[in-house]
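This structure is in structure tokens; I'll ask about it shortly.
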Amino acid sequence: MSVISGTDRAVRRGCRAAALCALFFAVCALAFPSSVVLGDEQFELYLPLLYGKRTALFSNHTGICGDRYTVPGGTAVAAVASEVTAGVPFGTAADGRAVEYGEHILDALIARGAQVTVVFSPEHGFRGTQDAGLSVHDEVDARTGIPLVSLYGSAMHVPDAAAMDMFDTLVVDIQDVGLRYYTYYITLYHLMDACAAAGKNVIILDRPNPNGFYVDGPVLRDGYESGVGMFPMPTVYGMTLGELACMINGEGWLTAGRNACELTVIPCKNYTHRTRYAVIRAPSPNLKSMRAVYLYASVCFFENTAVSPGRGTMYPFELYGSPVFKDVPGWDFSFVPRSIQGALNPPFKGQTCWGRDLRGVPVEVILERGVDPSYVVDAYHACPEMQKSSFFGRPDRKGRYWIDLLSGSDELRTQITAGADARTIKESWQADLAQFRARRRPYLLYEE
């Protein structure tokens, strides 16, 4: 594995010098506390690695160089953390004006002479508009003529031999949100696995993790691997994609074994794991604001249960409810899911759902609570007795419910049905979280 910075061009194998790298970036963060520089902005470090190479790109609509945008009539600005605007919809300024996004990494590479031969896209497609879980078809980019190969179609994440023959080096620039059930890192894993088998290089242009300042939630157990969880990590694992790729490589999670992938990471500058970084675009159709990005770690546990997490509204994961709560005291907030882009057939479409509105919860309270099982606990106990048996939906052929796959085992579900409160549930995670923090430490590129 290589980590390349502006002052240190040495190649470091297997992350042995990750601690020194973290120290370097901690010093940078103290010297320049207000300006995070993304990996994709550092052209001088990675363009020389692409000269004479056929380049593949793994990205989507979030690959905006430097996360720069403009407000009409204003000057270009870069993303900054702001709890004040956490509820402002992505794509709009605080005053409601639509923003214009800066240069996309695909255009930047082409403009600077890189030979881009294929683009790989994840769940939701290259433009980030498709519903969750839907297959996305291959196509050709109308403006550049470059093939767009979906890795969330019939092959599910794995590029075929023809696609692998189209490039020499893979460049990765995509905004993740740092949650185990968010699927972009799973697609990255399959790409790394394929590149390791084919002897192709992988270059990750690192980005901050908007949930990178804490580690929380239950850890995935053996037997619960799925398309929404691949590795023994907690719900919120507190690593950038570059760091997680180092861990995937170094822990031997690739088919070919430990450090099988020829991996280079271009780290962010002036970033630490204490940085509150706000992304500028909806990373997927149903994460429409930073508040939703923060709440997703907790409210997503309602997926495929008797409770809607708000899909089919303009505020998914910022509210939740169900028709079953119609006559339950205290559950008087209501909404009606509709068919909209990114949620064409949402749960309880056209039905009135009664539940909770989290839009008024202060962001600092949300962050203080971290992964908060109280939402699911309270909803389960408020559910009328005759509906409790179907609250968690139906199990798969292995007896696993969807909440089991999201949480990483059957423990959260069985704790809830046994009457455990949220505090007891969170306490049960702590030993596993301590072990994970120790396991991930060798792969961190930024100061904790």
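Keeping to segment 64-106, report how many residues are part of a strand (DSSP E or B), at pLDDT below 85 and either among the β-branched types (Val, Ile, Thr) or more than 21 Å from residue 173 (Cβ to Cβ) (or both). Break it down stepwise before answering.
Within segment 64-106, the subset part of a strand (DSSP E or B) is 64, 68-70, 77-78, 92, 98, 100-101, 104.
Of the ones still in play, those that are also at pLDDT below 85 are 77-78.
Okay, now just the ones that are also either among the β-branched types (Val, Ile, Thr) or more than 21 Å from residue 173 (Cβ to Cβ) (or both), so 77.
Residues flagged as part of a strand (DSSP E or B), at pLDDT below 85 and either among the β-branched types (Val, Ile, Thr) or more than 21 Å from residue 173 (Cβ to Cβ) (or both) within segment 64-106 amount to 1.
Tell me, which residue of segment 220-237 that is closer than 15 Å to residue 434 by Cβ and of a type in the set (A, V, I, L, M, F, W, C) is nearest to the chain's Cα centre (by Cα)? Can you show your working first?
Going residue by residue through segment 220-237, those that are closer than 15 Å to residue 434 by Cβ are 232-234, 236-237.
Pick out the ones that are also of a type in the set (A, V, I, L, M, F, W, C) and you get 233, 236.
Details: 233: 14, 236: 10 Å.
That would be 236.
Let me ask another. Would a scan of segment 427-439 turn up a residue that is within 22 Å of the chain's Cα centre (by Cα), on the phi > 0 side of the Ramachandran plot and open to solvent by less than 10 Å² (accessible area, probe 1.4 Å)?
no
Collect the residues in segment 84-119 that are closer than 30 Å to residue 360 by Cβ and among the small types (Gly, Ala, Ser), keeping them in residue-number order. Please lay out each step first, then the result.
Kept after step one, since they are closer than 30 Å to residue 360 by Cβ, are these residues of segment 84-119: 84-99, 101.
86, 87, 91, 93, 94, 96, 98 - these are the residues of segment 84-119 that are closer than 30 Å to residue 360 by Cβ and among the small types (Gly, Ala, Ser).
Ok, one more. Determine whether segment 270-284 contains at least one residue that is buried (at least 21 other Cβ atoms within 10 Å of the Cβ), in contact (Cβ under 8 Å) with a residue 60 or more places away in the chain and not in a loop (DSSP other than H, G, I, E, B).
No.
Of 265, 307, which residue is in contact with a strand residue (DSSP E or B) (Cβ under 6 Å, 6 or more places away or on another chain), within 21 Å of residue 408 (Cβ to Cβ) and modelled with pLDDT of 95 or more?
Numbers: 265 fails: within 21 Å of residue 408 (Cβ to Cβ).
Going through 265, 307 in turn, just one is in contact with a strand residue (DSSP E or B) (Cβ under 6 Å, 6 or more places away or on another chain), within 21 Å of residue 408 (Cβ to Cβ) and modelled with pLDDT of 95 or more: 307.
Would you confirm whether or not segment 354-363 contains a residue that is more than 22 Å from the chain's Cα centre (by Cα), open to solvent by 50 Å² or more (accessible area, probe 1.4 Å) and farther than 30 Å from residue 214 by Cα? Give the derivation first.
Keep residues of segment 354-363 that are more than 22 Å from the chain's Cα centre (by Cα), which gives 354-357, 360-362.
Still in the running and open to solvent by 50 Å² or more (accessible area, probe 1.4 Å): 354, 356-357, 360, 362.
Next, only the ones that are farther than 30 Å from residue 214 by Cα stay: 354.
Yes, segment 354-363 contains at least one residue that is more than 22 Å from the chain's Cα centre (by Cα), open to solvent by 50 Å² or more (accessible area, probe 1.4 Å) and farther than 30 Å from residue 214 by Cα.
Quick one: which residue in 293, 324, 299 is touching a residue at least 60 places away in the same chain (Cβ under 8 Å), surrounded by 15 or more Cβ atoms within 10 Å (Cβ to Cβ) and more than 20 Å from residue 282 (Cβ to Cβ)?
On the way: 293 fails: more than 20 Å from residue 282 (Cβ to Cβ); 299 fails: more than 20 Å from residue 282 (Cβ to Cβ).
Exactly one of 293, 324, 299 is touching a residue at least 60 places away in the same chain (Cβ under 8 Å), surrounded by 15 or more Cβ atoms within 10 Å (Cβ to Cβ) and more than 20 Å from residue 282 (Cβ to Cβ), namely 324.
Restricting the first residue to segment 418-432 and requiring it to be under 21 Å from residue 391 (Cα atoms), which pairs with a second residue that is in a loop (DSSP other than H, G, I, E, B) and modelled with pLDDT of 95 or more meet a Cβ separation below 6 Å and a spacing of at least six or different chains?
Pairs that qualify, where the first residue is under 21 Å from residue 391 (Cα atoms) and the partner is in a loop (DSSP other than H, G, I, E, B) and modelled with pLDDT of 95 or more, are 422/373; 425/373.
The values are calculated or read from the model by the stated rules, or taken from the named source; none is laboratory data. Source: prediction; values computed, not measured. Note that each Cβ is placed from the backbone with ideal geometry, even for glycine, and that neighbours are counted across all protein chains shown. What goes into the accessible areas is simple: the full protein's heavy atoms, side chains included, and nothing from ligands, DNA or RNA. Shrake-Rupley method; radii C 1.70, N 1.55, O 1.52, S 1.80 Å.
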